[in-house]
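**Q** Encoded as structure tokens, here's the structure I'll be asking about.
The values are calculated or read from the model by the stated rules, or taken from the named source; none is laboratory data. Keep in mind that this is a model prediction, so the values were computed, not measured. Quick reminder, even Gly has a Cβ in these numbers, built from the backbone with ideal geometry, and neighbours come from all protein chains shown. Please note that ligands, DNA and RNA were not included when accessible areas were found on the heavy atoms of the full protein model with its side chains. Shrake-Rupley method; radii C 1.70, N 1.55, O 1.52, S 1.80 Å.
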Amino acid sequence: MTVRCPLTDCDTENAADAEKCVRCATPLRHLARLSAYPDQLFNRGLAAATAGDLGTARDLFAAVVHWCPQDVVARNALALASFQLEDHAAACVHWEAVLDGSPGDPLATDGLALLADCELDE
Ligand SMILES: [Zn+2]
């Protein structure tokens, strides 16, 4: 997976996670957000979660969040996968991040309520 520099007189192949073109320093991250790549990762994450492979699902959702930090759906999925893996600290961080960007988000609100319940049980 590579990202091609958008400048036609540069046209250099860069690593998929490159911040800038290695040759001309054109910012590349916004290109990644516009590509279908995060959607593919998210769909693979959903497939892994459905198959019960939560560790893989979490890694894939984390990758989507890395590419698209404002993606509420992906971050909720990442939080839920973390919760199901009993990584409550990570679940808490991600659900709070959802609420920071999207106050009142029902999934994140319910998720944090679940965490509060868990802490009472422990
Ligand atoms: Zn370039």
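**Q** Run TYR37 past the list (1) away from the ligand (no atom under 16 Å from the Cβ); (2) open to solvent by less than 20 Å² (accessible area, probe 1.4 Å) and report the number of the one that doesn't hold.
**A** Here TYR37 meets the rest and fails (2).
**Q** For the stretch 80-109, which residues satisfy the criterion of being surrounded by 13 or more Cβ atoms within 10 Å (Cβ to Cβ) and among the acidic types (Asp, Glu)? Even if it seems obvious, please write down each step before you answer.
**A** Our first condition is that a residue be surrounded by 13 or more Cβ atoms within 10 Å (Cβ to Cβ); within the stretch 80-109, this holds for 80-85, 87-88, 90-99, 101-102, 105, 107-109.
Result: ASP87, GLU96, ASP105.
**Q** Would you check if there is a residue in the stretch 58-67 being open to solvent by 40 Å² or more (accessible area, probe 1.4 Å), in contact (Cβ under 8 Å) with a residue 24 or more places away in the chain and within 16 Å of the ligand (Cβ to nearest atom)?
**A** The answer is no, given that none of the residues of the stretch 58-67 is open to solvent by 40 Å² or more (accessible area, probe 1.4 Å), in contact (Cβ under 8 Å) with a residue 24 or more places away in the chain and within 16 Å of the ligand (Cβ to nearest atom).
**Q** Residue check: is THR2 within 13 Å of the ligand (Cβ to nearest atom) and either under 22 Å from GLY101 (Cβ atoms) or open to solvent by less than 50 Å² (accessible area, probe 1.4 Å) (or both)?
**A** Values: within 13 Å of the ligand (Cβ to nearest atom): yes; either under 22 Å from GLY101 (Cβ atoms) or open to solvent by less than 50 Å² (accessible area, probe 1.4 Å) (or both): no.
Judged against the criteria, THR2 is not a match.
**Q** Just one of the numbered conditions (1) of a type outside the set (Gly, Ala, Ser); (2) over 29 Å from PRO103 (Cα atoms); (3) touching a helix residue (DSSP H, G or I) at 6+ places or on another chain (Cβ under 8 Å) is not true of ARG23; which one?
**A** (3)
**Q** Which of the following residues is of a type in the set (Gly, Ala, Ser), at pLDDT 90 or above and either within 13 Å of the ligand (Cβ to nearest atom) or not assigned by TED's automatic domain parsing to the domain that holds LEU99 (or both): ALA25, ALA47? Full working, then the answer.
**A** On the way: ALA47 fails: either within 13 Å of the ligand (Cβ to nearest atom) or not assigned by TED's automatic domain parsing to the domain that holds LEU99 (or both).
Just a single option satisfies the conditions, and that option is ALA25.
**Q** All but one of (1) part of a loop (DSSP other than H, G, I, E, B); (2) over 15 Å from the mean Cα position of the chain (by Cα); (3) within 16 Å of the ligand (Cβ to nearest atom) hold for ASP17, so report the exception by its number.
**A** (2)
**Q** Now, a different point. Going by the structure shown, is ALA62 outside the structural domain of THR109 (by TED's automatic domain parsing) and not β-branched (Val, Ile, Thr)?
**A** Values: outside the structural domain of THR109 (by TED's automatic domain parsing): no; not β-branched (Val, Ile, Thr): yes.
No.
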